[in-house]
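Working notes, beginning with the structure itself.
Each value in this text was obtained by applying a stated rule to the coordinates, not by laboratory testing. If you're wondering where the values come from, they're calculated on a predicted model, not measured in any experiment. When we count neighbours, we look across all protein chains shown, and the Cβ atoms used for this are built from the backbone with ideal geometry, even at glycine.
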Amino acid sequence: MSGAIPESLLEQLGHQLSQVVGFIYPNEVETQWAILIVVYPYLTGIVAGAFILASLVKVFNVVEVQPIYRLALLTALAFMLVAGMPLQLHLGHPERAYEIFFTPQPTSAMAMFGFVYLWYLLGILLIEIWFEYRQQLVLMAQKSRGLMKGIYGALSLFSKDLSPEALAFDHRASKLITIIGIPSAFLLHGYVGFIFGSVKANPWWGSVLMPIVFLMSAIVSGIAMVMFLYILLSLVRNEKLDMRCLDKIGLFLLVAIIVDFALEALDYIHRLYQSEESIGILSELVSSRLFTSLVVVQLLLGMLLPLLILVLVRSVRFNEELRKLLYFTSSLLILLGIFSMRWNVVIGGQLYSKSFRGLMAYKMEITGIESLMTALALLALPFLILTVLFLLLPPRWMERNAPTAAH
Amino acid sequence: MNKREFLQQVVAFLPAAGLLRMLPGTAEAKELVGAPANDYDPTRHWYGMGVDVDRCIGCNRCVEACKAENGVPDEPFYFRTWIERYSVRADGETTVECISTRPAQPEQAPPEDPAVVRTYFVPKLCNQCAHPPCVQVCPVGATFQTVDGVVLVDEKRCIGCRYCIQACPYGARYLNPITRTADKCTFCYHRITKGLLPACVEVCPTQARIFGDMKGRADRLVRFQRVNMISVLKPDLNTEPKVLYAHLDGEVR
């Protein structure tokens, strides 16, 4: 491959160079992992979190959450299908991505991600959804005509058996897969944390807590996303919400936020107290370049405010409408806060020099591959996929068409 | 093994080796930089570089030679080697500048500042770590360490994920905007395997850079190690750099 350096890249780098404070290594002007790598752990986290919420129903028999079981599963699938895309688009040579599968380097934390991703998608999520929906798919194939009959037939893998034994097997299988799925979901996102946490060259990333912090924030974002969608869908469909379910999700969300907050606070306290070589530049980073995104958006708006709201909802007897509004608001705030957290980790880790003597800047492109537009498209795509999934596999179809089929 | 047995085995081995070569294997240094001299045996070398900080005058000729020799983009965002200037003030405060970002213009001396008590230049380049974190993280094995101890990138295999750039503690790597693959100092591997010096060493007017072979007994680098107090950059990260500095201030990271 030959050619000139793209003008837009030089313009971006020139601008970023002009914003440098102090001394940086000259190769550090370029932000190597930009907005798409912020989007990637955000999407993966929602997958893991939504799945873990779903598993509460299957494995831990939290009956209150039953109404959102299928919603949570489909949410996980919709986000999972998009989760790999930002990585693919980010590569300098996307056409060589297959090498990760064919010639992986065993010592690389990144090399195994492809396998973990595929395992989770094909080994867990799709199989679990198939067993969950098999009965419905068979019935829908029987009821529909023409093309749709073919589609549902194919989706049910042309199975026809609706005997009680077969249904019982579906149930057992889906429970077993969920049990395997929980550690897999932990692996999926803990792994993403490890990709960052194992970089010893970068003290902002290199922390043993990173996989756990990523995992907890994933659970928070997944629960918040399902809660947001549940309230949104009830508004769109003009249906009554199951408040018992919503309150229960709210409780889980509250607990998850508290754990997440404790872990992140521990990380910061530990860094401050150990006060290693990097502490000076990291403090400068937090108080200048990351102040808005970390202190204001991630901590105050995205964590403490929703925490306060959720505590209030539990301690004061608000009426249903107000509770719904408060849950809706806090889920949105949390989703914003977790996005901000991904930004602060990924971009934040590249805003200070490894010489610990200066700060860099990141100017996001509006258009192009690594740009705001692509990021927004990738963030919107799961909702589009979810809409299609809902049309194809209505979560409430069984309740309306075959009331006897409830678990 | 006598001569006859040896020759028999060679005859049996050659066709087999030919077959093996047809399989896509991991990249070999040979493929990347052209064939070395015929009698070159990588197992007999372990390359490193000595940098005498006291000798560097900050002329930037090494940077220009490197860019010209290796096709490194001229733009001030891409360097396989660069020079840093440290100015130490009486109160201990140190300011650092990279003086290689505009190689076309001769570097002007900074304005006289009576508070500055000492200045020095530090040439930087890939440390060719014996324990390289960049090689560890590459998901496809595109970056690797040669038998003679040089870390290279196979630009035909690199997928451009930039993980190695993140993993390098020294800022020695960049993404080449033309090839869209990771790029870094190779110690001029195409030259050293033919018995030549790396371009930066060749042009240095003060011999601040000493290229050598740690396996060579009478090598200049071995002598450099013997007569100087040696330090390496960021030793706490356990990367075991093979770029060895003499007269390096503890301030330098």
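Normalized C-alpha radius of gyration of the range A:281-325, against 2.2 N^0.38 Å?
1.64
Rounded to whole Å and sorted largest first, what semi-axes of the equivalent ellipsoid does the C-alpha gyration tensor of the range A:1-47 yield via the square root of 5 times each eigenvalue? List each step's numbers first, then the result.
Working: eigenvalues 134, 62, 17 Å².
After diagonalising the Cα gyration tensor, the semi-axes are 26, 18, 9 Å.
Compute the helix-to-body angle for A:146-155: its Cα long axis versus the longest principal axis of chain A, expressed 0 to 90° and rounded to tens.
Value to nearest ten degrees: 70.
Could you give each residue of the range A:251-268 its phi-based ³J(HN,Hα) in whole Hz, using Karplus coefficients 6.51, -1.76, 1.60 with θ = phi - 60°, and x for Gly or Pro?
Per residue, the Karplus-derived 3J(HN,Hα) values read 5, 4, 4, 4, 4, 4, 5, 4, 4, 4, 4, 4, 5, 5, 4, 4, 4, 5 Hz.
How far apart, in nm, are two points set 7 Å out from the Cα along the Cα-to-Cβ line at A:Ser287 and at B:Arg223?
Taking the two extended label points, one gets 5.2 nm.
Provide the descending list of Cα extents for the range A:122-242 along its principal axes, expressed in whole angstroms.
60, 34, 27
Take the Cβ-Cβ distance between A:Arg237 and A:Asp267 as r, set R0 to 35 Å, and report the resulting FRET efficiency rounded to the nearest 0.05.
Details: r = 41 Å, r/R0 = 1.18.
Once rounded, the FRET efficiency stands at 0.25.
Given a Förster distance of 25 angstrom, what is the FRET efficiency for B:Ala130 paired with A:Thr103, based on the Cβ-Cβ distance and rounded to 0.05?
Working from the Cβ atoms, E equals 0.55.
Pairing the Cα long axis of helix A:35-58 with the longest principal axis of chain A, what angle in degrees results, from 0 to 90 and rounded to the nearest 10?
That helix lies at roughly 30 degrees to the long axis.
So who's got an amide H within less than 5 Å of the one on A:Glu365, skipping anything under 5 residues away but keeping other chains? H placed 1.01 Å off N, in plane.
A:Leu372
Taking θ as phi - 60°, what are the ³J(HN,Hα) couplings along the range A:14-31 by the Karplus curve (6.51, -1.76, 1.60), each to the nearest whole Hz, with x for Gly and Pro?
For the range A:14-31, the Karplus curve yields x, 5, 4, 4, 5, 9, 5, 10, x, 9, 10, 5, x, 6, 8, 4, 6, 7 Hz.
Quick check for me: using +1 on Lys/Arg Cβ and -1 on Asp/Glu Cβ, what's the dipole size of the range A:1-105 about its Cα centre, in debye to the nearest 20?
540
What is the magnitude of the charge dipole of the protein assembly as shown about its Cα centre, with +1 placed on the Cβ of each Lys and Arg, -1 on the Cβ of each Asp and Glu, and no other charges, expressed in debye to the nearest 20?
1460
Name the residue farthest towards the positive end of the dipole of the range B:214-253 from the options B:Ala246, B:Ile230, B:Met214, assuming +1 on Cβ of Lys and Arg, -1 on Cβ of Asp and Glu, about the Cα centre.
The listed residue farthest towards the positive side: B:Met214.
Please report, in Å, the Rg and the Dmax of the range B:93-232, where both are computed over Cα atoms only.
Spelled out, the Cα radius of gyration and Dmax of the range B:93-232 are 17.6, 53 Å.
Could you estimate the translational diffusion coefficient of the range A:199-264 from the Stokes-Einstein equation, with Rh from the Kirkwood formula over C-alpha pairs, at 4 °C and 1.567 mPa s, in whole µm²/s? Show your work: numbers first, answer last.
Numbers: Rh = 13.6 Å.
Translational D for this selection: 95 µm²/s.
I'd like the projected area of the range A:63-144, averaged over all directions, using the convex hull of its alpha carbons. Report it in nm² with one decimal.
Average of the hull's projected areas for the range A:63-144 equals 8.2 nm².
Can you work out the Karplus-derived ³J(HN,Hα) for every residue in the range B:159-176? Use 6.51 cos²θ - 1.76 cosθ + 1.60 with θ = phi - 60°, whole Hz, and x for glycine or proline.
9, x, 7, 6, 5, 5, 5, 5, 7, 6, x, 9, x, 8, 10, 8, 8, 5
Could you tell me which of A:Gly280, A:Thr292, A:Tyr230 has its Cα farthest along the dipole of the range A:206-305 towards the positive end, charges placed at Cβ (Lys, Arg +1; Asp, Glu -1), taken about the Cα centre?
Of the candidates, A:Tyr230 comes out farthest on the positive side.
How much net charge surrounds B:Val232 when only the other residues with a Cβ under 11 Å from the Cβ of B:Val232 are counted, with Lys and Arg +1 and Asp and Glu -1?
Once positives and negatives cancel, what remains is 0.
Once you compute Rg and the Kirkwood Rh from C-alpha atoms, what is the Rg to Rh ratio for the range A:11-104?
Expressed as Rg/Rh, it is 1.20.
Taking chain A as the reference, fit the longest principal axis to its C-alpha atoms, fit the long axis of helix A:126-143 to the helix C-alpha atoms, and give the angle between the two in degrees, 0 to 90, nearest 10.
Here the helix axis deviates by roughly 40 degrees.
Taking the inverse of the average 1/r across all pairs of different Cα atoms in the range B:42-93, what Kirkwood radius in Å do you get?
Numbers: mean 1/r = 0.0718 Å⁻¹.
For the range B:42-93, the Kirkwood estimate is 13.9 Å.
What shape does the range A:333-375 have by the C-alpha gyration tensor, where a ≥ b ≥ c are the square roots of the eigenvalues, rounded means a/c under 1.5, and otherwise prolate means a/b greater than b/c and oblate the rest?
Cα axes put the range A:333-375 in the oblate bin.
With just the Cα atoms of chain A, tell me how far they stretch along each of the three principal axes, in Å, largest first.
71, 59, 35
How big is the dipole moment of the range A:83-225 about its Cα centre under a simple scheme where the beta carbon of each Lys and Arg is +1, that of each Asp and Glu is -1, and everything else is neutral? Debye, nearest 20, please.
260
Dipole of the protein assembly as shown (Lys/Arg Cβ +1, Asp/Glu Cβ -1, origin at the Cα centre): which of B:Val153, B:Leu125, A:Leu125 lies farthest to the positive side?
Selected residue: A:Leu125.
How are the alpha carbon pair distances in the range A:271-357 distributed across 5 Å bins from zero to the largest one, expressed in percent?
Pairs per bin, as whole percents: 3, 14, 19, 17, 14, 11, 8, 6, 5, 2, 1, 0.
Under 4.7 Å Cβ to Cβ, no partner at all: give me those cysteines from the protein assembly as shown, in residue order.
A:Cys245, B:Cys56, B:Cys59, B:Cys66, B:Cys98, B:Cys129, B:Cys138, B:Cys158, B:Cys161, B:Cys168, B:Cys188, B:Cys204, each lacking another Cys Cβ under 4.7 Å.
Hey, what's the per residue convex hull volume over the C-alpha atoms of the range A:293-407, in cubic angstrom?
Values: hull volume 22.3 nm³, N = 115.
In the range A:293-407, the Cα convex hull volume per residue is 194 Å³.
Would you mind checking which residues have amide H under 5 Å from B:Ile210's amide H? H placed 1.01 Å from N; only 5 or more apart, or other chain.
Counting only residues 5 or more places away or on other chains, the set is B:Gly50, B:Val51, B:Asp52.
Under 1.5 on a/c is rounded, so check that first for the range A:236-292, then, if it is not, pick prolate when a/b is larger than b/c and oblate when it is not; a ≥ b ≥ c are the square roots of the alpha carbon gyration tensor eigenvalues.
Oblate is the answer for the range A:236-292, as a/c is 1.5 or above yet b/c matches or exceeds a/b.
Under a 5 Å amide H to amide H cut-off, with H placed in plane at 1.01 Å, what residues pair with B:Cys161 once short-range neighbours are removed?
Those lying under 5 Å, H to H, from B:Cys161 are A:Gly92.
Check the straight Cα-Cα distances from B:Lys234 and name the lysines below 17 Å, setting aside those fewer than 8 residues away within the same chain.
Cα-Cα hits under 17 Å: A:Lys200, A:Lys354, B:Lys124, B:Lys242.
Where does the range B:185-237 land on Rg(C-alpha)/(2.2 N^0.38 Å)?
Expressed relative to 2.2 N^0.38 Å, the Cα Rg reads 1.25.
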